[in-house]
Amino acid sequence: MNDKGIGYGSLTEWFAEVFDNRHKDEIEHLLVLTYEFDDQQLINLVSGRSLEEDYQIRMSQLKIIASLRPVVLYDSQKTREFNALPHFLELYPVHNRGFSCHHSKAYLLVTRKSVRLLIGSCNLTRSGMFRNREVYKGFLWNSETTNDSGVLSAFTGLPGKGYTQELGSEGTDAVAPIISNIRTKMGEWAMNGNSNLDYHSLLMSGYSEHPTGLEQLRSHWGDRKLRKLFVVSPFFDQGRHACLAHEICREIGTPEELCIVTDEKNKGTISKYHFADGISNKILRLIPTEITESERSRIQKANNNRSVKDLALERPLHAKILVLVSDKYGLVYQGSANFSCKAWQGQNRELGIVNWESNPEALIADICRKLGACGNNVYDILPDKLKDDNCVDDDENPEPENGFRSEERRVGKECRSRWSPYH
């Protein structure tokens with residue numbers, strides 16, 4: 001879990017590894033940060049079931065789940081009727097001002113022998129778990145592995161400082177045992193004499209007492225010359241005035257090249273203005289709506305070689321990646337923050353992971369290949385600016401993520417598409 005760069009695999013497999021061993025290594029705590037969630041995915045997660053099931057909690061499990069006291073913090077604007085959930089789950093809506101939102105996505109699972117933390121772009125929804133192209137970074141700490149403990153230390157400080165108002169006294173009582181348990185484990189593991197190397201760092205934005213995400217990015221980057229900026233994002237600044245690329249040029253430096261990768265359907269939400277002035281090489285690469293044959297093959301393999309030939313599979317982009325490239329190295333960000341000022345200047349609450357990459361060009365080429373991004377530069381098709389000065393949530397979706405249409409539900413039942421390039 002301490003490898004550098006972007007990992008590829010199945011998100012469901014990451015959880016399954018914990019659930020399959022729960023009889024030998026019982027789950028003690030669960031803490032989830034998400035923009036939104038749906039009842040079924042949360043039920044499966046707290047019950048230790050496969051995320052693919054339509055599982056109903058049994059009476060015999062209620063006592064176990066009640067002692068676990070799962071804690072979930074989510075955006076208040078995505079509140080739904082939780083008809084299927086036990087009343088004793090610790091659910092805390094996060095309120096933000098205006099059009100800002102709680103956009104962080106993190107999953108902390110504490111077992112008797114280990115601590116696991118996943119930070120990325122995926123919400124606890126059917127789309128986030130099975131349908132979208134997502135990005136995440138998973139960490140494992142136990143008696144043998146304590147590298148990147150700085151990430152865990154920074155994350156465990158968030159509930160006490162970043163969510164004081166939302167948790168209140170009752171929520172604080174629910175979170176306190178989690179933090180105490182983790183600190184006890186880390187203290188015991190440190191006594192084993194394990195060395196700790198921090199390959200990754202937690203980057204947060206919109207939390208009190210912390211600099212903005214852009215300020216932290218600048219701090220990591222230092223005074224290096226920014227030669228290239230590579231971006232993967234499904235959402236962008238929608239106003240005619242705000243533009244994150246302009247802010248990066250001011251705060252970090254003007255790159256010689258800016259390459260943006262997004263879904264083909266998103267081309268109406270981006271303009272030449274999003275690339276900022278002074279950049280000599282501007283590249284836009286689009287991911288076709290129809291998935292490639294190689295990706296279809298990977299999906300089939302991930303589903304035990306079940307045929308997906310006649311299924312209409314969609315893989316909307318939801319991953320968020322930034323790569324800052326100097327003459328020698330690259331600084332890689334993967335997390336919840338879209339390529340927007342709201343995400344990086346402290347309006348939204350965001351979480352991500354940064355690390356240094358020794359061969360950023362190879363990484364960028366691999367990302368484009370796995371996403372199926374078209375090799376042609378279509379920057380010239382963009383308008384100079386967007387016509388409307390909209391102010392909406394970056395991830396605002398008129399149709400709830402768990403509101404599947406009939407065709408999507410059929411695809412979900414027959415083949416949940418567990419594999420994703422950024423799962």
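Quick notes on this one:
- For segment 156-161, putting each phi into the Karplus relation 6.51 cos²θ - 1.76 cosθ + 1.60 with θ = phi - 60° gives couplings of 5, x, 5, x, x, 9 Hz, in residue order, rounded to whole numbers and with x for Gly and Pro.
- For peptides 365-373, 252-260, sequence by mean Cβ density within 10 Å, most packed first: 252-260, 365-373
- Long pairs among 272/385; 225/385; 320/370; 113/185; 225/267, criterion Cα-Cα beyond 18 Å: 225/385; 225/267
- For the pair segment 21-35 and segment 189-246, the centres of their Cα atoms are 27 angstrom apart.
- Trypsin sites (Lys or Arg not before Pro) lying in DSSP loop within segment 104-143, provided at most 12 other Cβ fall within 10 Å: 112
- Cα gyration tensor shape of segment 136-260, rounded if a/c is under 1.5, else prolate or oblate by comparing a/b with b/c: oblate
Throughout, read-outs are computed from the coordinates displayed, never taken from laboratory work. In this text, all values refer to a predicted model and were calculated from it rather than measured experimentally. Heads up, the Cβs are rebuilt from the backbone with ideal geometry, glycines too, and the neighbour counts pull from every protein chain shown.
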